[in-house]
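Enquirer: One structure, as structure tokens, below. Some questions next.
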Amino acid sequence: MKKITKMLLFFVLCSAALFLISCGSNKDSTFSMGEQPAMGRYVEKISRYPIEENIQAVTSVKKSDGSLDLGIFLDQSPWYAMYNTKDAINYERQEIPWYDELGEMEYGIISIAYDMEDNKYVLASGGPENDNKVFKIGEDNKLVEIKMEWKESQSPVESLKFYFESMKVAQNGDLLLFQHWNGIMQYSPDGKFVAQYGGGNNDRFTVSGDNVFIIDEDSSQISVYDVNTHEQQRTVSYDNMTWEAALSGGSGGSLYLTDRSGVYRLADGGSLWEKIIDGELTSLSIPSLYFDGVIETAPGEFYILFADSESNNSIFKYEYDENISTLPGTELVVYTLKENNTLRQTAGELQRKNPDIRVNIRVGIDNDSSVTKDDAVRALNTEIFAGKGPDLILLDGMDVESYVSKGVLTDLAGVVKEVNESGEKLMDSVVNTYEEDSKIFAVPSKFTVPSMWIDEEYAGSVKDLKALADFAMDHNDLQVFHYSSYSDLMKIFSLSSGSSWFDKDGNLDEKSMAEFLTRIKEIYDSGKKYMKAGEERIERGNGSSPRAQAVVDSIGNTTDIFSWVFGRAYTYCANMISYNSANAPFLAVAERSGGVTVPLPGQAENVFIPVNIIGINAKTAKTDIAMEFVKLMLSSSVQNANTYDGFPVNIKSLEYGAKGRGNENISLAMSNDFDEGEMLWGRLPSEEELRKVMELCLSVKTPCVPDYTILEMIIDESKEYFDGGKTVEQTVSQIKERTRLYLSE
């Protein structure tokens, strides 16, 4: 059994040159007078499981009659149950006395597979020697162990040299098992070793007909091997698919690939993929849901099993409806500079509620694109001011104030009020970030929290940047936190100080900047002697450059948690972006037997970073639908989902996340790449611990919207000051002149 546990990262559309799209084009879905829309597409229908509660995970195997056997893992006795169904509505419970036998031997199920005659094979692990065994379920429904001719892998961990993780049965009856560091291993039905395919950790494979298909991530190809001759037959490209792509076998030796963008079919011996299910119009596009490969139970009938991070499981059926338009009749266009999970989550939920609406998320800067941020924004602005822009805009990375002043955005105060009056309560300090004269033209739907983890006895001594500098100078036996350059300090503390550097007219506050540089230098000098030789790395840039993106990326990181845990620093700093960000700190607290989290000290009080900032184009003709999108984006139905891109502004969802559902009985291990002897291990945070993070979130007051190009300039112009070559006054003067030119553009 392979429980679905991958974290969703991103969504990528498939290349039109590679795939034959049968679900219609991505063009505007409006039609000319008299022109008939293309008809027919697969429609998603939610099914149900026979048990509604206590489900931890579900696996499925298709039988020869097209029905499904569902293995359901429970969080209480009887721990495991099996049901058969032909429609995912009506179920028949199966007798499984062999499961009790496994329990008596202290073995647990890893994977179940059937041969062409529905004989069951079980891959199990455990027992006195913590090993793997394969059993065949005999005619009397009892276990019959197969003596396997196991091959040792190259695993660096001795206990994992004979560990297998998943199993399938080929058409000829042979067993195919994935073994870490060895690849796919083929064994005869009586356990004799036959062949080895692939290698390393290419664990995504399936069998169909006489072939085994293995995804090779490095080459973005699928390798095809004949299970009878053991020779590689060919390779098939799967460019532009994400790492979540899952393979499954189909009828007639066909292959199915399930991805965020949809379900694709490859005919036996073929090389071109046919897109049969559009992921954009189904739950496949929802980032908080993880999925297994599509199951073809009958021609034109498919199922997909889904789960989320809280072990909520669901099953969907997909049927072709020739009476529904290929593309929904209404298209809502949402623009974002970069991929965004919350947008995908909202789009998926909106389309579930409104099947005749298609949400088209346009991404300005694709991962594989050479388009710069400036190019993307310039192109967007050209559209907007020509009256042809998107219906909604995710404003992260853009000049929100400029759009507001130019009347580009619609007032959303009514939407915020409606959500608040619906029984949901939003955090005023965050959603009112862009409020002016009782109007709100842009609403952050999430936020991040710059924070510091420190011993409780010191927490009261670091209320602001000056207090932290004093603390660092008084406790100079260690670094305040591990840093290798003055830019490390400036990057992290810009998050808690940057909002005080400029006045409302955009002019540099010289006094505030001088104070910032002075305090950062005091902290820097107090621990500089602990920097290793050659550790300081400062890169110089000129104005707005690609290096600004490196600044962005580095700020997303945290300081070295192992230095805090093992006594080389007094604190650990992090820009927490979700409850998941607290996993490592609480392991550190347990290891150190103490520690609390406080707002990151700075020149502003209780700072937060607004993210996922949504606005509606004032010129859209679809204001009502756009308003519904924003309301849904702020509602608990979207904000409850674990999308790992910010804390929710919905207080009900913030409280829900603090319950830590899904954390039960899950452990996390972390090792220091630079010191093999340093490791953290333990359970994920409890509800009591997560509520401390929630309290920190609820205390935020001051928004800070980082301008990474300006920060790059400040870092560059400060080098001589930190080297002792210039005074703080001279440095501030240079910063003022350079930022003035940039801001006047």
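Enquirer: Rounded to the nearest 500 deg cm²/dmol, what is the calculated helix-only ellipticity per residue at 222 nm for the chain, with -39500 (n - 2.57) per DSSP H run of length n ≥ 4?
Expert: Details: 20 runs with 188 residues, N = 745.
That comes out to -7000 deg cm²/dmol.
Enquirer: Let me know the shape class of the range 558-700, please: from the alpha-carbon gyration tensor, a ≥ b ≥ c as square roots of the eigenvalues, rounded when a/c is under 1.5, otherwise prolate if a/b is greater than b/c, or oblate. Numbers along the way, then the final one.
Expert: Numbers: a/c = 2.48, a/b = 1.97, b/c = 1.26.
Judged from the Cα gyration tensor, the range 558-700 comes out prolate (a/c at least 1.5, a/b above b/c).
Enquirer: Could you go through the range 70-82 in sequence order and give the Karplus-derived ³J(HN,Hα) for each residue, using 6.51 cos²θ - 1.76 cosθ + 1.60 with θ = phi - 60°, rounded to whole Hz, and x for Gly and Pro?
Expert: With the stated coefficients, the range 70-82 comes to 10, x, 10, 8, 10, 9, 7, 4, x, 6, 8, 9, 10 Hz.
Enquirer: In sequence order, what are the phi-derived ³J(HN,Hα) couplings for the range 280-291 according to the Karplus relation 6.51 cos²θ - 1.76 cosθ + 1.60 with θ = phi - 60°, rounded to whole Hz, with x for glycine and proline?
Expert: 4, 9, 9, 5, 4, 7, 7, x, 7, 9, 9, 9
Enquirer: For the chain, give me the percentage of DSSP beta bridges that are antiparallel, rounded to the nearest 5 percent.
Expert: Bridges in the chain are about 90 percent antiparallel.
Enquirer: Please list, in order along the range 162-170, the HN-Hα scalar couplings obtained from phi with the Karplus expression 6.51 cos²θ - 1.76 cosθ + 1.60 (θ = phi - 60°), rounded to whole Hz, x for Gly and Pro.
Expert: Residue by residue, the range 162-170 yields 10, 9, 10, 10, 8, 8, 9, 10, 6 Hz.
Enquirer: Could you sort the peptides 136-146, 68-78 by per-residue average Cβ neighbour count (10 Å cutoff), highest mean leading? Please list the in-between numbers first.
Expert: Details: 136-146: 14.4, 68-78: 16.0.
Packing proxy ranking, top to bottom: 68-78, 136-146.
Enquirer: Same structure, new question: So between GLU217 and ALA267, what do we pick up on full extension, going 0.36 nm a residue minus the alpha carbon distance?
Expert: Details: separation 50, 0.36 × 50 = 18.00 nm, distance 2.15 nm.
So the chain would gain 15.9 nm between GLU217 and ALA267.
Enquirer: Can you list the lysines whose alpha carbon sits under 19 Å from that of LYS622, skipping same-chain ones fewer than 8 residues off?
Expert: LYS622 reaches LYS27, LYS353, LYS388, LYS631.
Enquirer: For a footprinting-style exposure proxy, rank GLU129, GLU339, GLU383, GLU280 by other Cβ within 10 Å, fewest first.
Expert: GLU129, GLU383, GLU339, GLU280
Enquirer: When Lys and Arg each count +1 and Asp and Glu each count -1, what net charge do the other residues less than 12 Å away from GLY498, Cβ to Cβ, add up to?
Expert: Details: positive: LYS491; negative: ASP509, ASP707.
After counting each charged neighbour, the total is -1.
Enquirer: What do you get for the angle between helix 341-353 and the principal long axis of the chain? Use alpha-carbon atoms, 0 to 90 degrees, nearest ten.
Expert: 50 degrees
Enquirer: How far apart, in nm, are the 7 Å Cα→Cβ label points at LYS192 and GLU129?
Expert: 2.2 nm
Enquirer: Could you tally the net charge around GLY262, taking each other residue with its Cβ under 12 Å from the Cβ of GLY262, Lys/Arg +1 and Asp/Glu -1? Walk me through the intermediate numbers first.
Expert: Working: positive: ARG41, ARG260, ARG265, LYS275; negative: GLU44, ASP259, GLU274, ASP278, GLU280.
Charge balance in the 12 Å sphere: -1.
Values quoted throughout were computed directly from the atomic coordinates according to the rules given, and no laboratory measurement underlies them. None of the values given here were measured: they were computed from a predicted structure. Backbone-built Cβ (ideal geometry, glycine too); neighbour counts: all protein chains shown.
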